[in-house]
Ligand SMILES: [Zn+2]
C-alpha cells in the first residue's frame, strides 16, 4: 500500500497538470445564420454534380459514404463517376470546414483545388470541363457576396482563438502553443490565416506540421524537421499540427509547469458533449485508482497477475493467427499480378517488380519509365539516405495523377533512380486460384495482403571475401 501511494505521489509530481484546463465555448449565432446560406449554395452545387453521375450515386454530403462510392466506381472502372465524386469529396470537406476556417481561405482553396484537378490534364473529358466551369462560376459568385461581409477574412472562433493566444503570449515569457486540428486542410489554412493577420504580426509566429501522406496538404520529412526545429528555437511560437505525431496528445503535451490547455468549441456542439463525457470518464478513472489503493497488497498482487495472464494469452493467440496468415500468403516469386493507377486504371507494371527498402516501396525507374511521366524539381531534396529528384505522375495524359516520387538512395549507387510509389494511388489486381482477377486497394503499404520482396542487398557488401 505504501509503495503504491508513493508511486502515485511521484507520478503526480512528474506530470504537471495544466494550470488551466478549460473548455471555451464561443457564442456565434449570427455567424451560423450567415453560414446557413453558404451551406445551401454549396449543397446545391453538390446536388448538381451528383445529378451528372451515372449510374446515380446515393451519397450527397456524407464524406465517408462518398469515399465508398468513389471506391466502387474505381473498381467498376466508371471513371466519369470517379472524377465527379472526387469533386464532391473535395467540396464536402470544405463545407464541413465553413465554421472553423476563414471563408475567404476556404473559397480560395476550392478554386485552387478545382484548377489543380483540371489543369494537370492535357485532354480533360467533356463532363469535367462542364463541372469545372460550373464550380468556378458558383464559387466566384459566393466570393463576390462574401466580400461585402465582416466574415470574409475571419470567423468568431478564429477571432476568439487569436485573442486568447495573443494574451497568453504577452503574459508569459518564451511562450509556446500547440494547436491540434483534425485535418491537413485546417493546419495549412490556419497557418496562412495567422500569417495574414497584420495585427498579431510579431506576436503570433505560426508554424505548421503535418504528415507527408496528408490528403490535401503535405510536409516532406525535411519540412517536418524544419517546423520542429523552428518551434524549438522559438522562431515560431504557435505550432498548428494534425495528430500525425501520435504521442503529441493535447494534454499530454501541456505538461510543462504553468501550461494551459484549451479546447475551443461551439456551444452545445458534438465536440463539447464529447469532451465533457471524456472528463467524466477521467474522474471515474481517478476514483478507480483510489479504490485500488485500498486493496490489501497480497490481493492486489493476485489481481495484477490475473490481468497480466489474460493479456499475455491474448498476445499468444494473436501471434499464432499471424503466423498462420503469413504461411498462407502466396510465394512472391510466382505471384502473378498487376499494378495500375487507381484514378484511371492505366496499367503501370507488374506486382513482382515492386521492391521494399525500409519504409520505401518502389519500382526501379527503368522498368516503369514508359508508363509514367516524370516531373523533375530544379533542386533535388536530400533527406538522410534518400534524394528526392521529382514527382512521378500517371502516364495517362487524361489523368496525370500524382503517384509518387522520383528518388535515389544515396547509399546504393548500384541502383539508379527509383519510383517510390504511393500505395493509396494504386490499384492491384491479382489472379486467384480460379484465374480470376481480384482487385484490391489499400491505404498504406503495410496493409497489403501480398508479400513484397525486400531489396536485394548490395552484392559487393555481402560477398564473402576470398579465403587464402
Ligand atoms: Zn491515372
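Things worth noting here:
- So residue 456, is it outside any strand (DSSP E or B), away from the ligand (no atom under 16 Å from the Cβ) and surrounded by fewer than 18 Cβ atoms within 10 Å (Cβ to Cβ): yes
- Among the candidates 45, 66, 24, 10, residue that is farther than 30 Å from residue 344 by Cβ and either loosely packed, with under 12 Cβ neighbours inside 10 Å or modelled with pLDDT of 90 or more (or both): 10
- The numbered conditions (1) farther than 19 Å from residue 351 by Cβ; (2) within 15 Å of the ligand (Cβ to nearest atom); (3) in contact with a helix residue (DSSP H, G or I) (Cβ under 7 Å, 6 or more places away or on another chain) are all true for residue 400 except (3).
Residues checked against (1) in the same structural domain as residue 69 (by TED's automatic domain parsing); (2) closer than 30 Å to residue 421 by Cα; (3) away from the ligand (no atom under 16 Å from the Cβ); (4) modelled with pLDDT of 80 or more:
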site	(1), (2), (3), (4)
284	no, no, yes, no
293	no, no, yes, no
309	no, no, yes, yes
323	no, yes, yes, no
326	no, yes, yes, no
329	no, yes, yes, no
342	no, yes, no, yes
346	no, yes, no, yes
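- Scan the stretch 196-211 for residues that are more than 19 Å from residue 151 (Cβ to Cβ) and exposed (fewer than 15 other Cβ atoms within 10 Å of the Cβ) and the total you get is 2.
- So residue 158, is it out of contact with any strand residue (DSSP E or B) (no Cβ under 7 Å at 6 or more places or on another chain), modelled with pLDDT of 90 or more and either loosely packed, with under 13 Cβ neighbours inside 10 Å or not in a helix (DSSP H, G or I) (or both): no
- Set 61, 100: member being outside any helix (DSSP H, G or I), assigned by TED's automatic domain parsing to the domain that holds residue 132 and buried (at least 19 other Cβ atoms within 10 Å of the Cβ): 100
The values are calculated or read from the model by the stated rules, or taken from the named source; none is laboratory data. Note that the structure is predicted; figures quoted are calculated from it, not measured. In this analysis, Cβ positions are derived from the backbone assuming ideal geometry, glycine residues included, and neighbour counts consider all displayed protein chains.
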